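Take this structure first; my questions come after.
The values are calculated or read from the model by the stated rules, or taken from the named source; none is laboratory data. Here the structure is a predicted model, which means the values were calculated and not measured. FYI the Cβ positions are ideal-geometry reconstructions off the backbone, even for glycines, and counts take in every protein chain you see. Note: accessible area is taken over every heavy atom of the protein model, side chains too, but ligands, DNA and RNA are not part of it. Shrake-Rupley method; radii C 1.70, N 1.55, O 1.52, S 1.80 Å.
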Amino acid sequence: EIDGTSQSPGRSAGPKIIIDGSNLTAGNGFEISSSGNIIRGMGIIGFKSLFIELRGNGVYIDGPTAYTAGRTANNNTITQSWIGLSAAGTGSPNESYGVYVRNASNTQITNNVISSNLKAAVYISSISAHTEATGNTIADNIIGTTSDGSAAISGGNPADGIFLYNRSTNTSILRNLI
């Protein structure tokens, strides 16, 4: 578990720890290819893609493909994080998705602020004929707005708030503000 909420008091609002990829050439804030992980209370901003879809994501959860048979990335949780917002609550986008779940199941994306990412805030898909992205939950998030949800943020999410694609089944989308 990576728990940014465990840090001593500091800023009054938002995450205490910010992972900033703005000085990197390309990469993801967090890349998960195993099961049972928790990312809590983090700020994730500024990751670049170099036009490669699997890069530039705030959080990238990657399950099995034809090349990685036997690997699982199920039962992961992303919660209480700001993805695409700076410490001041202004847009600081990741160049791809806020959260990209590929070929993974039972992911919980809850109680986050996900704004200003250049593609969808949350994108769930399965590209493998052998795997479905099933049983994922997207709940109680604030998407495309300021951190308190009171107004659209400049740039919002220019693409979709939530995008389910290709073999994304049994996904629950509950009580999100978009």
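Tell me, what HN-Hα J-couplings in whole Hz come from the Karplus equation 6.51 cos²θ - 1.76 cosθ + 1.60 at θ = phi - 60° for each residue of region 33-49, using x for Gly and Pro?
Here the 3J(HN,Hα) series is 10, 9, 9, x, 8, 10, 10, 10, x, 9, x, 9, 9, x, 7, 9, 10 Hz.
Sequence-distant or interchain residues sharing an amide H contact under 5 Å with Gly43, placed H: which?
Ile17, Ile18, Ile19, Trp82
Can you tell me what share of the DSSP beta bridges in the chain is antiparallel? A percent to the nearest 5 is fine.
Counting only bridges with both partners in the chain, antiparallel ones make up about 5 percent.
Taking 0.36 nm per intervening residue step and subtracting the Cα-Cα distance, what contour gain separates Thr169 from Ser147 on full extension?
Full extension from Thr169 to Ser147 adds 5.0 nm.
On to the next question. Please state the charge dipole magnitude for the chain, taken about the Cα centre, from unit charges on C-beta atoms (+1 on K and R, -1 on D and E), reported in debye and rounded to the nearest 20.
The dipole of the chain has a size of about 40 debye.
Can you pull the percent of the chain's accessible area that's carbon plus sulfur, 1.4 Å probe, other chains left in place?
It is 51 percent, rounded to a whole number.
Also: Can you tell me how region 1-117 classifies by the Cα gyration tensor, rounded, prolate or oblate, using a/c under 1.5 as the rounded cut?
oblate
Averaged per residue, what accessible area in Å² does region 1-119 show with a 1.4 Å probe, protein chains only?
In whole numbers, region 1-119 has 42 Å² accessible per residue.
Relative to the Cα centre, what is the charge dipole magnitude of region 80-178, using +1 at the beta carbon of each Lys and Arg, -1 at the beta carbon of each Asp and Glu, and rounding to the nearest 20 debye?
The calculation lands at about 140 debye.
Something else now. Can you give the extra length, in nm with one decimal, that the chain gains between Leu177 and Lys16 once fully stretched, where that is 0.36 nm per residue apart less the Cα-Cα distance?
My answer for the length gained is 55.6 nm.
Can you compute 3J(HN,Hα) from phi for each residue in region 91-97, using the Karplus curve 6.51 cos²θ - 1.76 cosθ + 1.60 with θ = phi - 60°, rounded to whole Hz and x for Gly and Pro?
Once θ is set to phi - 60°, the couplings for region 91-97 become x, 9, x, 8, 6, 10, 8 Hz.
Under 18 Å from the 7 Å Cα→Cβ point of Asp3, by amide nitrogen: which residues of region 22-38?
Counting backbone N atoms under 18 Å from the label point, the list is 36-38.
Then there's this: Please state the relative contact order of region 116-172 as a whole percent: Cα pairs under 8 Å, 6+ residues apart?
Dividing the mean separation by the residue count of region 116-172 yields 56 percent.
Additional query: In whole angstrom, note down how far apart the Cα centers of region 142-176 and region 69-102 are.
About 12 Å separates the Cα centre of region 142-176 from the one of region 69-102.
Normalising by the residue count of the chain, find the relative contact order in percent from Cα pairs under 8 Å and 6+ residues apart.
With pairs under 8 Å counted, the relative contact order is 18 percent.
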